[in-house]
Amino acid sequence: MIFLASLGGSLEFYDFIIYGIFAPYIASQFFPSSDASISLILTFSVFAAGFLIRPLGGVVLSHFGDRYGRRNVFVASVLVISLATMAIGVLPTYATFGVGAPLLLVALRLVQGFCLGGELPGATTYALEAAPKRGGLACAVIIVAVNIGIILGTLVGLGVHHFLSPSQATAFGWRIPFLLGGLLGFVIVRIQRALEETPEFKQMKGNVTRIPLVELLRDHGREVVAGTLFTAAVFGFNGILYSHMPAYLVRQVGFTPEQSSLAQNACVIVQTVLVVGIGLVCDRYSRHRLLQVSALLLILGAYPFYRALADHSGNFVVLFALAGVVTSGQVAVFGSLLAELFPTRVRFSGVALTYSLGATIFNGFGPLIATWLVRETDSNLSPAFFIIACAALSLAVSLLAGKGYRASAAPAG
């Protein structure tokens, strides 16, 4: 049940990956400019716009999720996301539709962002409530489903680059992953319709809050702030890895698209394997401690990682595999940390708001900030400082928060 509920997250991160991989092609088709970096910045600005509306989507959709049930909300979200993803695959370009083309792209990204505000938070809430005594493992299952979407996205990108020439990929090849993503989403919706509501929500019966957001902010404001900052390391790294890194590896440091896809897959596969193991044990040990260790390792390793990429020193697949090892702890536990901050009455709203704010601030703006840093500093190493700052923020908040912010009695640090 938890795995099926998590499949929408697969679609969400599949979309991240394909947008990042094909960002240079999207830039040339929708934002033509004599300066390629300007086109890329505009393309990542559209990516960020989808995140800006995400907190609003999270607030609206979680309102219905806390009042009427988790399942219907995330199933409906996946359906709309699927339609928007497929629509991007058939959009006219700037050459044929003028300024209307980028405006339509922005509109569709806003629709996606609004619905994403309720999709993965709904699945996380559903997972914890479906298996409350094994919340860590349940949320780890979500990450496995998410990583399946990431791997699928990178494989689709690899296939397009392998079978099509650069001119063909620019002309029409970039559309293929979006069309496939839409079809994938329709299949997921069909599967998820068979899911039942969670036992915890059923037990509340009519004891639901009238306006969940008001109760959340009134009684759990500190938890909202802490939860948002917990996500900094995860979303800061993910935003760079999934959306900025493909274009960075190819345009800035001279790797091929195939090497970029291989490197990403190495990181994600290692993460997936380790997340399962961590999920099996993190219900018995401190989730905060796992987050802290992972964040500290990321702080220490980010700059050497970028230095090795820029210098082409060492095996790039091994480098990304090590990045997967370093980040697996925070990836495995952040979902359960968020869900356990809030009681059942406002859990969906709490997870959606903190997740959406974190994703907007650290993930949505990460690729844009990294591209801007490279341009302004003329240094290929500068994105490392963004990752270091995000990891340091998560580490500091986790050390300060500890058990003080936890609203749940689950055995987790």
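Listed by first and then second residue, the pairs linking a residue in the stretch 103-123 that is free of Cβ contacts under 8 Å to residues at least 24 places away in the same chain to a residue that is assigned to a helix (DSSP H, G or I), with Cβ atoms under 8 Å apart and 6 or more places separating them unless they lie on different chains, are L104/F97.
Can you tell me which residue among L216, L249, L262 is in contact (Cβ under 8 Å) with a residue 40 or more places away in the chain and under 28 Å from H288 (Cβ atoms)? It is L216. Just checking, does the stretch 290-306 include any residue being more than 22 Å from the chain's Cα centre (by Cα) and farther than 26 Å from F47 by Cβ? Yes; the residues of the stretch 290-306 include at least one that is more than 22 Å from the chain's Cα centre (by Cα) and farther than 26 Å from F47 by Cβ.
Which residues, counting only those in the stretch 309-324, are touching a residue at least 24 places away in the same chain (Cβ under 8 Å) and touching a helix residue (DSSP H, G or I) at 6+ places or on another chain (Cβ under 6 Å)? If the condition is that a residue be touching a residue at least 24 places away in the same chain (Cβ under 8 Å) and touching a helix residue (DSSP H, G or I) at 6+ places or on another chain (Cβ under 6 Å), then F316, V317, L319, F320, A321, A323, G324 are the ones that fit.
Looking at F64, F114, can you tell me which residue is in a helix (DSSP H, G or I), at negative phi and surrounded by fewer than 21 Cβ atoms within 10 Å (Cβ to Cβ)? On inspection, the qualifying residue turns out to be F64.
You will find that of I81, I26, I2, the residue that is farther than 23 Å from T125 by Cβ and either buried (at least 18 other Cβ atoms within 10 Å of the Cβ) or touching a Cys at 6+ places or on another chain (Cβ under 9 Å) (or both) is I26 and no other. Within the stretch 85-137, the set of residues being of a type in the set (A, V, I, L, M, F, W, C) and closer than 16 Å to A5 by Cα comprises C115, L116, L120, A123, A127, L128, A130, A131, L137. Which pairs do you get when a residue that is under 17 Å from L319 (Cα atoms), found in the stretch 286-308, comes within reach of a residue that is surrounded by fewer than 16 Cβ atoms within 10 Å (Cβ to Cβ) and of a type in the set (S, T, Y), reach meaning Cβ atoms under 8 angstrom, with the pair 6+ apart or on two chains? Hits for this filter: R307/S313.
Of the helices (runs of 4 or more DSSP H) that lie entirely inside the stretch 273-373, those containing 2 or more residues that are closer than 16 Å to L128 by Cα span 316-340, 347-358.
Hey, any hits in the stretch 146-162 for a residue that's outside any helix (DSSP H, G or I) and more than 27 Å from V331 (Cα to Cα)?
Checked against the condition, which is being outside any helix (DSSP H, G or I) and more than 27 Å from V331 (Cα to Cα), the stretch 146-162 yields no hits at all.
Quick check, is F386 in contact (Cβ under 8 Å) with a residue 40 or more places away in the chain, touching a Leu at 6+ places or on another chain (Cβ under 9 Å) and either closer than 23 Å to Q292 by Cβ or surrounded by fewer than 22 Cβ atoms within 10 Å (Cβ to Cβ) (or both)? Yes; evaluated as a whole, the condition is true for this residue. Of the listed requirements (1) surrounded by fewer than 16 Cβ atoms within 10 Å (Cβ to Cβ); (2) in a helix (DSSP H, G or I), P92 misses just one: (2). Among the residues making up the stretch 43-61, a single one is surrounded by fewer than 24 Cβ atoms within 10 Å (Cβ to Cβ) and without any contact (Cβ under 8 Å) to a residue 60 or more places away in the chain: V60.
Being within 26 Å of R218 (Cβ to Cβ), at pLDDT 85 or above, surrounded by 18 or more Cβ atoms within 10 Å (Cβ to Cβ) and among the aliphatic types (A, V, I, L, M), is that true of even one residue in the stretch 313-321? Within the stretch 313-321 (the criterion being within 26 Å of R218 (Cβ to Cβ), at pLDDT 85 or above, surrounded by 18 or more Cβ atoms within 10 Å (Cβ to Cβ) and among the aliphatic types (A, V, I, L, M)), the answer is no, since none of the residues qualifies. Taken together, the residues in the stretch 240-266 that are outside any loop (DSSP other than H, G, I, E, B), within 19 Å of R375 (Cα to Cα) and modelled with pLDDT of 85 or more amount to 8. The set of residues in the stretch 10-61 being assigned to a helix (DSSP H, G or I) and aromatic (F, W, Y) consists of F13, Y14, F16, Y19, Y25, F30, F44, F47, F51. Of all residues in the stretch 348-369, those satisfying the criterion of being buried (at least 24 other Cβ atoms within 10 Å of the Cβ), farther than 19 Å from I211 by Cα and modelled with pLDDT of 90 or more are G358, F362.
The values are calculated or read from the model by the stated rules, or taken from the named source; none is laboratory data. For clarity, every value in this text was computed on a predicted model and none was experimentally measured. Cβ atoms come from the backbone with ideal geometry, glycine included; neighbour counts cover every protein chain shown.
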